Structures are given as C-alpha cells and as structure tokens.
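K.L.:
I have a structure I would like to understand better, so I am pasting it below and will then ask my questions one at a time.
The values are calculated or read from the model by the stated rules, or taken from the named source; none is laboratory data. Small disclaimer: the values here were computed from a predicted structure and weren't measured. Methodologically, a virtual Cβ is constructed for each residue, glycine included, from the backbone with ideal geometry; neighbour enumeration extends over all protein chains shown. When the accessible area is computed, the model is the full protein with side chains, heavy atoms only, and any ligands, DNA or RNA have been set aside. Shrake-Rupley method; radii C 1.70, N 1.55, O 1.52, S 1.80 Å.
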Amino acid sequence: MPSLKQCNLFINGREEKPSSENYFIRENPATEKDFAQIAESNKKDVDRAVSAAKISFGAWSKVPATERAKMLLKIADVLAKNQKQLALLNTLETGKPIRESSLVEIGGSIRTLEYYSGMHTQLNGETIPINENQMSMTIKEPVGVVAQIIPWNFPLLLAFWKIAPAIVAGCTIVLKPAELTSCTIYEIAKLCSKAGLPDGVLNIVPGKGEVAGQALVEHPDVDKVAFTGSTSVGKHVMKTASDSVKRVTLELGGKAPCIIFDDADLENAVEACLRGGFFNQGENCTAVTKLMLHKKIYKKFLDLYIKRVKKIKIGDPTKQDTEMGAVISKEHYENVLNYIAKGKSEGAKIATGGSRSRKFKKGYYINPTVLENVDPNATVACEEIFGPVVAVIPFSTEEQAVEIANNTEYGLAGGVWTQDINRALRVAKSIKAGYLWVNTYGGIVPQTPYGGFKQSGIGKELGKEGIENYLETKCINIYTGGSMPRWYKG
Ligand code: NAD
C-alpha cells in the first residue's frame, strides 16, 4: 500500500502526534482510494493546544497591531507562493475542481488576509464626553483564546474568514478542522510558522467533532467559539458554550431562494443560477436550492437553464478544465441521492440528472440535477440538501414569491432578479435572510458582512463587523474635576 499522508496536531509551533496514537483514514472522494491518516486529538491534546494559545496570548496581544497586520500579509504571501501544491492537496481531500481550490479557496483566503491586514487601523475605541468633570473612553481589547471550528465544504476559505480577523485583533487560536478535510489547513499552519508566525498563535487539533470539538467548546480557558457547520451541531455548541458564557458566533445551514421575475435579464440569470446551484458540487450553504421562476418565463428560463446544466463538465477534479467534481464522502453521496428519490416520490419531475455519473466506476460523482415543478412544501424545497440538486418552483405574484422564499427555518442568503429597482429592493427587504444578491448571485467578498438570520446563525463574519467578534469593548470612565461632590454628609 502506498504510504499515506499523515495529518498530525500542530501545537506551539510544532508538529505533534495524538496522545492516544489513534488515527483514522480519509479517502479521496474522487477515487475512493485511501489518501491520508488523520490524528484523533482527545481532551488531553486539546488541553495542550489551549494552554499553548493561552501562554502565547500574553505576548501576541501586546504586539502592535501594525505588526500583526504585516503577519497577515506574510501569510498571504505564503499562500500565493504555495498556491499550486496547496490547491492540489485541497482538491484531493475535498473532491472539488482544482480551479475552485485555487481561485476560491486559496485566492479567497489571500483576499481575506489582505482585507483584514488593513483593519489594524480600525481597532480604535471612542472618547465620550460626559460633563465638565468627567470623560469616558472605550478601548478595544482582543477577546483572548478563540476556538475555531470549521466544516468540510470550504476548509480553507472559511478557516481564513476566522483566522485573519482573530490574528489582527491580537487573539490566539485553536482550530478544529472537519474530520474529512484536515490536511491542507494543517500544512498551511506549518508554513505560517516557517514564515514567522509566533509559536502558539495558531494551533490545529484535528479529530472527531464529538471528542476534540466538544473538548474545545467545553474548555474553561477558551474565551470565544467561532463555529461554522450544521444547524444541529451549532445548537449543541451554543448550549455547551453557555456553561461558561463564552462568546459564540454561529454560521449555520441555509436554504437559499433565488426569485426570477418575468422582466429579468434571463441570460444573466441563467449564468448566475448555474454557478449558484452547482459551484462546489452544490456543497455550499448559500447555494441556490429553491430556484423560483415566474410562470410567464418558467418554460423559457428552464429550457435555457437545462441546456447549460447538461453541458457542465463533471470529472477528475485535478484537471484544469473540470467544472464539477465529486461530493465529499460516501455517506453524503447517499444522502444526496436519497433526497433526489424523496423529491421524486413527492411529485417532482427530474428535468436533468438525478443519478450518479456513469462516466466513472469509482468516486462519488452525482450528475447536476434539476427537479421541476416542486411543491413549495416538499422536503426538497424545505430541507438543506447540500449537493448538486436544484428545486424549481413556479410562482405567479410577488407576494407568493416572498411567502415561498420565507417558508423555511433558515435565513442565510437569497437572490432577486428584476429590472424594476423598486421591486428589487422591496423583495430583498422582505426576504428574512442575512445576505441578498440583486441581478447577480454568489460570491461573498471580504468587505461585506455575512451571516444568517433565523436558524442560519448568530453574528457576522467578514467586513467591519467580522473583526468585532474578536474584540471586547472596555469602557474607562475618568474623573477630571477637583474635589469629589459628597454623597454622604457625615
Ligand atoms: P457539522 O456541523 O457536521 O460539522 C462542523 C464542524 O463541527 C466539524 O469540524 C465537526 O467536527 C465539528 N463538530 C461536530 N460535533 C461537534 C461537537 N459536539 N462539538 C464541537 N464541534 C463539533 O457540519 P459539516 O457537515 O462539516 O458542514 C456542513 C454544514 O455546514 C451545512 O449545514 C452547511 O450549511 C454548513 N455551513 C454553513 C456555512 C455558513 O457560512 N453559514 C458555511 C459552510 C457550511
């Protein structure tokens, strides 16, 4: 058997074996061949990582913010210099096309680091005049040791949405990657250390969520938890973190509607909804999964859309011209196929796709799938599928469209297509979700605050708001008058 890549722990600037000496095997989802062995961190390992982060916080939080900002640029440089090999590793563990690994995961991480390096100028408080004898000021302090828990769908980009603001704010980090995607971020942590990131600022503890993740969220020396993942685990994390009143931000599941009115630019809408639905194999929390078409353009749009969906080039994700790769794992592949079967049993018609790709004997390849005439209350219209499956729902009026769009416990993202600016704004404001696109879809840039409403999460990442997650505001009141007025007469 060829030797497997080994993913260990990274603590205090050093590679470490798990204290249990246990590893689990991760396969490449595009070939089903074993690819890496991943360390199973346990509570003892998490204790060591948190302790390293706590010790390094003392010094790191005092490093001038300008210097911390320079460190982000150095890390960006490391990513750029190693872009090719990191993208390949990321593709081997995720199954996503290499161009998405390179341009989105690594490219997006670089843009996030660059954006937050500029944020060192924004770590200021305020001065608040009270009266002649008193003034107040607020100062911003780093929150402390932060636990960052990452899902598998964008293992690098979503990690850097958390790492970049935490580092510039002066926090130190213990990061728990997803079980299925631990290798690339582990390699990156080693490269960051070589580039000069002080020991203990970024620690990595791979392993099982219910063991390593749980120990991290429970840990009394962790001050804040930044979690991205499913709504069910997010709820559990929030409950656990409440025991010691940790600061918590949650980026959770989604079920995004995209509403196409009859005056929309159909060619642009088709283009954006292709990306919206099938980018990253649809394993995307903001994926267009409820494609809502006005009855007047239903057929025309769908004809154009299906023609293009059929041309999406599915295949070996390591090839530059591949447009869609394999889904993340066997278990997830089966889940997605079950959803398609459920959609059919609940009355939807399969317009295209609906099965595994027959081009490959091995690998978790699912053909891009469009389910037509989906009932707004059907399972596939309400639950998160997280795969290459788009449910198409017709509508007649604006009111009906908004009602269908909001018919979900989620509220992460959505889209509106119309030439009528008043309608665009009215509908965007009526959708109960945190991130809306008008006449475009997809692409979240570091400058903009991103986060869910309802059961899609709490708090924002990115933008100016994203840095606040890693800062505490302290108010200092100063008495500048002469003798203090007496309250007690004696
Ligand atoms: P998941 O909830 O199963 O796992 C997420 C992370 O939590 C993993 O690292 C896992 O090991 C860890 N975890 C599991 N149990 C834990 C516990 N008891 N304590 C602490 N950590 C624990 O999610 P997933 O399957 O990796 O990712 C898919 C989900 O993530 C989807 O629901 C998707 O919508 C969501 N997601 C949301 C966003 C967003 O920005 N809102 C972005 C990407 C993915």
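K.L.:
Which of the residues spanning segment 4-50 are among the basic types (Lys, Arg) and under 24 Å from the mean Cα position of the chain (by Cα)? Spell out the reasoning first.
P.N.:
Taking segment 4-50 and keeping what is among the basic types (Lys, Arg), we get 5, 14, 17, 26, 33, 43-44, 48.
The one that is among the basic types (Lys, Arg) and under 24 Å from the mean Cα position of the chain (by Cα): Arg26.
K.L.:
Could you list, in sequence order, the residues of segment 192-206 that are in a loop (DSSP other than H, G, I, E, B) and either away from the ligand (no atom under 14 Å from the Cβ) or more than 21 Å from Met238 (Cβ to Cβ) (or both)?
P.N.:
Taking segment 192-206 as the starting set, the residues that turn out to be in a loop (DSSP other than H, G, I, E, B) are 195-201, 205-206.
Those that are in a loop (DSSP other than H, G, I, E, B) and either away from the ligand (no atom under 14 Å from the Cβ) or more than 21 Å from Met238 (Cβ to Cβ) (or both): Ala195, Gly196, Leu197, Pro198, Asp199, Gly200, Val201, Pro206.
K.L.:
Look at Gly325 and say whether it is within 14 Å of the ligand (Cβ to nearest atom), in contact with a helix residue (DSSP H, G or I) (Cβ under 8 Å, 6 or more places away or on another chain), of a type outside the set (A, V, I, L, M, F, W, C) and touching a residue at least 60 places away in the same chain (Cβ under 8 Å). Spell out the reasoning first.
P.N.:
Details: within 14 Å of the ligand (Cβ to nearest atom): no; in contact with a helix residue (DSSP H, G or I) (Cβ under 8 Å, 6 or more places away or on another chain): yes; of a type outside the set (A, V, I, L, M, F, W, C): yes; touching a residue at least 60 places away in the same chain (Cβ under 8 Å): yes.
Criteria not met by Gly325.
K.L.:
While we're on this one: Looking at Ala189, is it open to solvent by less than 10 Å² (accessible area, probe 1.4 Å), in contact (Cβ under 8 Å) with a residue 60 or more places away in the chain, over 19 Å from Glu67 (Cβ atoms) and within 16 Å of the ligand (Cβ to nearest atom)?
P.N.:
Details: open to solvent by less than 10 Å² (accessible area, probe 1.4 Å): yes; in contact (Cβ under 8 Å) with a residue 60 or more places away in the chain: yes; over 19 Å from Glu67 (Cβ atoms): yes; within 16 Å of the ligand (Cβ to nearest atom): yes.
Yes.
K.L.:
Do you know which of the residues in segment 416-438 that are in contact with a helix residue (DSSP H, G or I) (Cβ under 7 Å, 6 or more places away or on another chain) and in contact (Cβ under 8 Å) with a residue 60 or more places away in the chain is farthest from Thr112 (Cα to Cα)? Outline the logic, then answer.
P.N.:
Residues of segment 416-438 in contact with a helix residue (DSSP H, G or I) (Cβ under 7 Å, 6 or more places away or on another chain): 416-418, 423, 427, 430-431, 436, 438.
From the residues that got through so far, the ones that are in contact (Cβ under 8 Å) with a residue 60 or more places away in the chain too are 416-418, 423, 427, 431.
Values: Val416: 26, Trp417: 28, Thr418: 31, Arg423: 33, Val427: 30, Ile431: 27 Å.
Of everything passing the filter in segment 416-438, Arg423 is farthest from Thr112 (Cα to Cα).
K.L.:
What about Gln400, is it free of Cβ contacts under 8 Å to residues at least 12 places away in the same chain, away from the ligand (no atom under 15 Å from the Cβ) and not in a strand (DSSP E or B)?
P.N.:
Working: free of Cβ contacts under 8 Å to residues at least 12 places away in the same chain: yes; away from the ligand (no atom under 15 Å from the Cβ): yes; not in a strand (DSSP E or B): yes.
For Gln400, the condition - free of Cβ contacts under 8 Å to residues at least 12 places away in the same chain, away from the ligand (no atom under 15 Å from the Cβ) and not in a strand (DSSP E or B) - is met.
K.L.:
Go through segment 1-57 residue by residue and tally those that are over 21 Å from Ala147 (Cα atoms) and open to solvent by less than 50 Å² (accessible area, probe 1.4 Å). Outline the logic, then answer.
P.N.:
Step one: list which residues in segment 1-57 are over 21 Å from Ala147 (Cα atoms), which gives 1-6, 20-37.
Then keep just the ones that are open to solvent by less than 50 Å² (accessible area, probe 1.4 Å); that gives 4, 20, 24, 26-30, 35-36.
Summing the residues that are over 21 Å from Ala147 (Cα atoms) and open to solvent by less than 50 Å² (accessible area, probe 1.4 Å) in segment 1-57 gives 10.
K.L.:
From Glu465, Glu409, Glu461, grab the single residue that is open to solvent by 60 Å² or more (accessible area, probe 1.4 Å) and either under 30 Å from Met137 (Cβ atoms) or not assigned by TED's automatic domain parsing to the domain that holds Glu271 (or both).
P.N.:
Numbers: Glu409 fails: either under 30 Å from Met137 (Cβ atoms) or not assigned by TED's automatic domain parsing to the domain that holds Glu271 (or both); Glu461 fails: open to solvent by 60 Å² or more (accessible area, probe 1.4 Å).
None of the other options fit; the residue is Glu465.
K.L.:
Check off (1) touching a Lys or Arg at 6+ places or on another chain (Cβ under 9 Å); (2) hydrophobic (A, V, I, L, M, F, W, C); (3) surrounded by 23 or more Cβ atoms within 10 Å (Cβ to Cβ) for Val104 and give me the number that stays unchecked.
P.N.:
That leaves (3) as the condition not met.
K.L.:
Could you give every pair whose Cβ atoms fall below 6 Å, whose first residue belongs to segment 365-393 and is charged (D, E, K, R), and whose second residue is within 16 Å of the ligand (Cβ to nearest atom) and part of a loop (DSSP other than H, G, I, E, B), counting only separations of at least 6 or pairs across chains?
P.N.:
Glu384/Gly253; Glu384/Lys255
K.L.:
Do you know which residues across segment 63-83 are open to solvent by 60 Å² or more (accessible area, probe 1.4 Å) and free of Cβ contacts under 8 Å to residues at least 60 places away in the same chain? Write out each step before concluding.
P.N.:
In the first step, residues of segment 63-83 are kept if they are open to solvent by 60 Å² or more (accessible area, probe 1.4 Å); the result is 64, 66-67, 70, 73-74, 77, 81.
Within segment 63-83, Pro64, Thr66, Glu67, Lys70, Leu73, Lys81 meet the criteria.
K.L.:
If you don't mind, there's one more thing I want to ask. Residues that are aromatic (Phe, Trp, Tyr): which strands (runs of 3 or more DSSP E) entirely in segment 75-177 hold 2 or more of them?
P.N.:
Strands (runs of 3 or more DSSP E) meeting the threshold: none at all.
Quick grid of which residues meet (1) touching a Phe, Trp or Tyr at 6+ places or on another chain (Cβ under 7 Å); (2) within 14 Å of the ligand (Cβ to nearest atom); (3) closer than 14 Å to Ile467 by Cα:
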{"position": "Ala147", "(1), (2), (3)": "no, yes, no"}
{"position": "Ile150", "(1), (2), (3)": "no, yes, no"}
{"position": "Ile167", "(1), (2), (3)": "no, no, yes"}
{"position": "Cys171", "(1), (2), (3)": "yes, no, yes"}
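K.L.:
Please tell me if Lys290 is surrounded by fewer than 21 Cβ atoms within 10 Å (Cβ to Cβ), on the phi < 0 side of the Ramachandran plot and not hydroxyl-bearing (Ser, Thr, Tyr). Spell out the reasoning first.
P.N.:
Details: surrounded by fewer than 21 Cβ atoms within 10 Å (Cβ to Cβ): no; on the phi < 0 side of the Ramachandran plot: yes; not hydroxyl-bearing (Ser, Thr, Tyr): yes.
Against the criterion (surrounded by fewer than 21 Cβ atoms within 10 Å (Cβ to Cβ), on the phi < 0 side of the Ramachandran plot and not hydroxyl-bearing (Ser, Thr, Tyr)), Lys290 does not qualify.
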